[in-house]
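The values are calculated or read from the model by the stated rules, or taken from the named source; none is laboratory data. Note that the structure is predicted; figures quoted are calculated from it, not measured. Positions of Cβ are backbone-derived with ideal geometry, glycine not excepted, and every protein chain shown enters the neighbour counts.
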Amino acid sequence: MYLGIEIGGTKLQIVAGETAITLRERCRLTVDPAAGAAGIRRQIEQALPALLARYPVRAVGVGFGGPVDWRSGRIARSHQIAGWSGFDLTGWLQPLVRAPVVVDNDANLAALGEATHGAAAGFNPTFYFNLGSGVGGGLVVDGNIYHGLPPGEIEFGHLRLDRAGTTVESRCSGWVVDKKLRDLTARTPDSQLARLVGNSTGGEARHLPAALAAGDPDAQSIVTETAEDLAFALGHVVQLLHPALIVLGGGLAQVGEPLRAAIARALPRYIMEAFLPAPPVCLAKLGEDAVPAGAVERARQLAAKLPA
């Protein structure tokens, strides 16, 4: 049995399974940003004993929402939660689980999950990016995560869109789209979108599919703008990495086909003619299981290298 742990900016998940597609049990908790890294560690400490009592754990994989040194298991930093910078996550967790631990960036593990058991199964190489509280990316080649020089990873969210320092994350994250919706509905309170959003104070993007289905022009404008920014950034990804498939995941991917199709339509404009047609863009298949499933798969890979 393997444990997979996802540590994000808004949620904490711990799963147990024999493989990435046979998850037996899940513990899902909401992260309190005000409690910082120490609060998340307390949640993990409280959740682990029950799981460890039920399952013999061979190895543990952890997906962390930020750059990490995957070789040492030390966190570089979190862009959402204070208190993680320089923390030895492997050294802290290993005595608790009494098993080998491997820590990686959460988008890397989501990419691995989708490449091995999700939408990208059978494609090589594959590029995955997620739109959540932040924006991340991961590349899987020959069934393995691509790692740069630690703590470097495929930091798609911090790819710059201009010389002023505007990043993909600062334009396209779920939190940013939520704010765009709040600002827009404040300016047009009688619109269909404003009526759907109402007095929401978070997660406003969840109303986009209904607004799009109703033909709301403001909703379409936000989706088009977001898709254009993403396609521009993905043009660089294609010309540098040449993935066979691009997978879109994360909470904002719940907008679904309208967002996927808008990205796919815009992407060819940002790729040199010699590299056309552009690689297909598809929606992630594993949904909320992408990171924990990838963590279980990474734990399985680690265990396979250990002495019998």
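A single member of F127, F64, F87, F123 is more than 30 Å from G203 (Cβ to Cβ) and of a type in the set (F, W, Y), and it is F123. Restricting the range 160-179 to residues that are of a type outside the set (D, E) and closer than 10 Å to A205 by Cα leaves a set whose member that is surrounded by the most Cβ atoms within 10 Å (Cβ to Cβ) is G174. Of the residues that make up the range 246-256, is at least one surrounded by fewer than 22 Cβ atoms within 10 Å (Cβ to Cβ), at pLDDT 90 or above and of a type outside the set (G, A, S)? Yes; the residues of the range 246-256 include at least one that is surrounded by fewer than 22 Cβ atoms within 10 Å (Cβ to Cβ), at pLDDT 90 or above and of a type outside the set (G, A, S). Screening E6 with (1) touching a residue at least 60 places away in the same chain (Cβ under 8 Å); (2) crowded, with 19+ Cβ neighbours inside 10 Å; (3) over 17 Å from G113 (Cα atoms); (4) among the charged types (D, E, K, R) gives one miss only, at (3). I'd like to check something: does the range 270-285 contain any residue that is in a strand (DSSP E or B), touching a residue at least 60 places away in the same chain (Cβ under 8 Å), farther than 16 Å from R171 by Cα and of a type outside the set (F, W, Y)? Yes: the range 270-285 contains one or more residues that are in a strand (DSSP E or B), touching a residue at least 60 places away in the same chain (Cβ under 8 Å), farther than 16 Å from R171 by Cα and of a type outside the set (F, W, Y). Here G8, G39 are screened, and the one residue that is at pLDDT below 90 and out of contact with any Cys (no Cβ under 7 Å at 6 or more places or on another chain) is G8.
Residues considered: N130, N108. Of these, the only one that is in the same structural domain as V60 (by TED's automatic domain parsing) and either in contact with a strand residue (DSSP E or B) (Cβ under 7 Å, 6 or more places away or on another chain) or touching a residue at least 40 places away in the same chain (Cβ under 8 Å) (or both) is N108. Of the set (1) crowded, with 22+ Cβ neighbours inside 10 Å; (2) over 20 Å from the mean Cα position of the chain (by Cα), all apply to A303 but (1). You will find that of T126, T90, the residue that is over 18 Å from the mean Cα position of the chain (by Cα) and modelled with pLDDT of 95 or more is T90 and no other. Cβ-Cβ distances below 8 Å connect the following pairs, each with a first residue in the range 199-219 that is part of a helix (DSSP H, G or I), a second residue that is of a type in the set (K, R), and a separation of six or more residues or different chains: E204/R182.
Which fully enclosed strands (runs of 3 or more DSSP E) of the range 1-68 have 1 or more residues being within 23 Å of F156 (Cβ to Cβ)?
Numbers: elements: 2-7, 11-17, 23-30, 59-64.
Those strands (runs of 3 or more DSSP E) span 2-7, 11-17, 59-64.
Among residues of the range 19-40 that are touching a residue at least 24 places away in the same chain (Cβ under 8 Å) and farther than 24 Å from A299 by Cβ, none has a Cβ under 8 angstrom from a residue that is hydrophobic (A, V, I, L, M, F, W, C) and part of a strand (DSSP E or B) at a sequence gap of 6+ or on a separate chain. When each of S133, S78 is tested for being surrounded by 19 or more Cβ atoms within 10 Å (Cβ to Cβ) and more than 17 Å from R41 (Cβ to Cβ), the lone residue that passes is S133. In this entry, A261 is excluded by the filter for residues that are in a helix (DSSP H, G or I) and buried (at least 21 other Cβ atoms within 10 Å of the Cβ).
Condition (residue is over 19 Å from the mean Cα position of the chain (by Cα), surrounded by 15 or more Cβ atoms within 10 Å (Cβ to Cβ) and modelled with pLDDT of 95 or more) applied to the range 61-68: is it met by at least one residue? Within the range 61-68 (the criterion being over 19 Å from the mean Cα position of the chain (by Cα), surrounded by 15 or more Cβ atoms within 10 Å (Cβ to Cβ) and modelled with pLDDT of 95 or more), the answer is no, since none of the residues qualifies.
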